[in-house]
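Enquirer: One structure coming up, written as structure tokens, with questions to follow.
Where a number appears in this text, it was derived from the coordinates with a stated rule and is not lab data. Bear in mind the structure is a predicted one, so any value in this text is a computation, not a measurement. Note that each Cβ is placed from the backbone with ideal geometry, even for glycine, and that neighbours are counted across all protein chains shown.
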Amino acid sequence: MARRKKYWEDRYYPSSTAKPVKDGIKAKSQRGAIGETWWSKRWVSVLESFNMGARLGRGRSYARRGQVISIAVQPGRVKAKVQGSRSKPYAVEIRLQPLADRDWELVTEAMAAQAIFAAKLLSGEMPQKIEQAFDAAKVSLFPTSRSALDTDCSCPDWANPCKHIAAVYYLLAERFDEDPFLIFKLRGRTKDEIIEVMREKRAARLPEESVPSPADAGLMSDEEVTPLEEQLERFWQVGDLDTFEVRLRPPEVDGAILKRLGEAPFTIGGKNLASLLGKAYEAAGAAALRKASEDKA
């Protein structure tokens with residue numbers, strides 16, 4: 001039976017050599033910081049701010065060596081298997097209290113009130129200032145103290161965290177890199193639930209929000225637009241190209257349509273078509289912006 005580790009316990013336990021794992025989950029980062037995106041780095045910085053001691057660093061080494069066998073994120077908890085010095089892997093469980101339904105209602109309402117939040121979330125990205133939505137509901141997306149994390153490990157080390165729990169902490173950061181919605185899942189809401197609520201709330205807000213004019217959207221100049229019916233005779237004529245202007249600017253959400261569509265049903269050279277198109281769109285967009293900048297110079 002797993003023994004619960006109290007956050008104040010840091011008893012000495014003799015060091016031992018972990019058994020190697022053939023197909024363990026190795027951290028992508030083999031040196032320096034773990035985590036690539038701002039939200040995974042935020043997770044790591046929060047944990048490291050709790051002054052958990054040397055075992056946090058040992059857990060990072062375990063994560064890089066591939067000692068973690070499996071990780072499963074569920075609402076309110078993470079379950080993992082970590083290979084230690086014994087023949088049987090240790091069972092690790094990390095619990096973080098899910099937010100109440102009322103709190104999630106306030107959070108998603110605050111998210112839906114910000115168009116950029118909705119756009120990024122619906123495209124599978126974590127908005128840079130998403131914590132503002134949680135602040136509005138007076139709750140936190142990330143744990144705020146060591147005691148907020150309730151942990152168990154079947155190893156004999158009573159420290160919290162032991163190196164097995166710490167290894168899972170760090171690999172969670174890289175899981176968050178891959179799927180930011182796992183942070184929400186840990187707090188009690190799945191990706192599908194978040195997206196469904198965001199779509200409903202954004203749809204309800206549409207009548208309240210003014211539709212931007214073409215000029216405000218940056219699609220054409222502020223001059224009065226002649227109705228199409230009055231231009232039919234000269235519609236296909238080139239006209240004065242010297243007055244034609246296109247305002248190019250980077251999108252607020254990179255590859256939004258591709259992210260919404262997900263993976264394509266085709267592959268080229270073993271790579272999904274959507275990933276290849278994403279790189280092509282990125283290159284074409286960068287070239288267009290560069291060309292526009294050169295023309296203005």
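Enquirer: Of all the residues that make up segment 108-133, how many are assigned to a helix (DSSP H, G or I) and farther than 23 Å from L47 by Cα?
Expert: So the answer is 13.
Conditions (1) within 19 Å of the chain's Cα centre (by Cα); (2) touching a residue at least 60 places away in the same chain (Cβ under 8 Å), marked per residue:
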{"position": "K26", "(1), (2)": "no, no"}
{"position": "S29", "(1), (2)": "yes, yes"}
{"position": "I34", "(1), (2)": "yes, yes"}
{"position": "T37", "(1), (2)": "yes, yes"}
{"position": "S40", "(1), (2)": "yes, yes"}
{"position": "V44", "(1), (2)": "yes, yes"}
{"position": "S49", "(1), (2)": "no, no"}
{"position": "M52", "(1), (2)": "no, yes"}
{"position": "L56", "(1), (2)": "no, yes"}
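Enquirer: For segment 75-84, how many residues are assigned to a strand (DSSP E or B) and farther than 22 Å from Q30 by Cα?
Expert: 3
Enquirer: Then there is this: Residue check, A91 against (1) touching a strand residue (DSSP E or B) at 6+ places or on another chain (Cβ under 6 Å); (2) under 17 Å from D157 (Cα atoms); (3) assigned to a strand (DSSP E or B), all met but one. Which one?
Expert: It fails just one condition, (1).
Enquirer: Step by step: first the residues of segment 62-74, then only those that are within 24 Å of the chain's Cα centre (by Cα) and part of a helix (DSSP H, G or I), then the one that is farthest from S87 (Cα to Cα). Which residue is that? Show your work before the answer.
Expert: Quick first cut of segment 62-74, residues within 24 Å of the chain's Cα centre (by Cα) only: 62-64, 66, 68-74.
With part of a helix (DSSP H, G or I) added as a condition, the list becomes 62-64.
On the way: Y62: 16, A63: 18, R64: 20 Å.
In this case the residue turns out to be R64.
Enquirer: Still on this structure, I have one more. Can we say V82 is under 15 Å from L186 (Cα atoms), in contact (Cβ under 8 Å) with a residue 40 or more places away in the chain and surrounded by 19 or more Cβ atoms within 10 Å (Cβ to Cβ)?
Expert: So V82 fails the test.
Enquirer: Ok, one more. Spot the failing condition for P161; the list is (1) in contact with a Pro (Cβ under 7 Å, 6 or more places away or on another chain); (2) farther than 22 Å from E193 by Cβ; (3) part of a loop (DSSP other than H, G, I, E, B), and only one is missed.
Expert: Only one criterion in (1) in contact with a Pro (Cβ under 7 Å, 6 or more places away or on another chain); (2) farther than 22 Å from E193 by Cβ; (3) part of a loop (DSSP other than H, G, I, E, B) is unmet by P161, namely (1).
Enquirer: Here's a follow-up. Which numbered condition trips up F176, out of (1) under 14 Å from the mean Cα position of the chain (by Cα); (2) in a strand (DSSP E or B); (3) of a type outside the set (A, V, I, L, M)?
Expert: (2)
Enquirer: Name the residue, out of I130, I194, that is surrounded by 22 or more Cβ atoms within 10 Å (Cβ to Cβ) and touching a helix residue (DSSP H, G or I) at 6+ places or on another chain (Cβ under 8 Å).
Expert: I130
Enquirer: Considering only segment 152-160, I want to know if a residue exists there that is buried (at least 17 other Cβ atoms within 10 Å of the Cβ), under 19 Å from F176 (Cα atoms) and touching a helix residue (DSSP H, G or I) at 6+ places or on another chain (Cβ under 8 Å).
Expert: No, segment 152-160 contains no residue that is buried (at least 17 other Cβ atoms within 10 Å of the Cβ), under 19 Å from F176 (Cα atoms) and touching a helix residue (DSSP H, G or I) at 6+ places or on another chain (Cβ under 8 Å).
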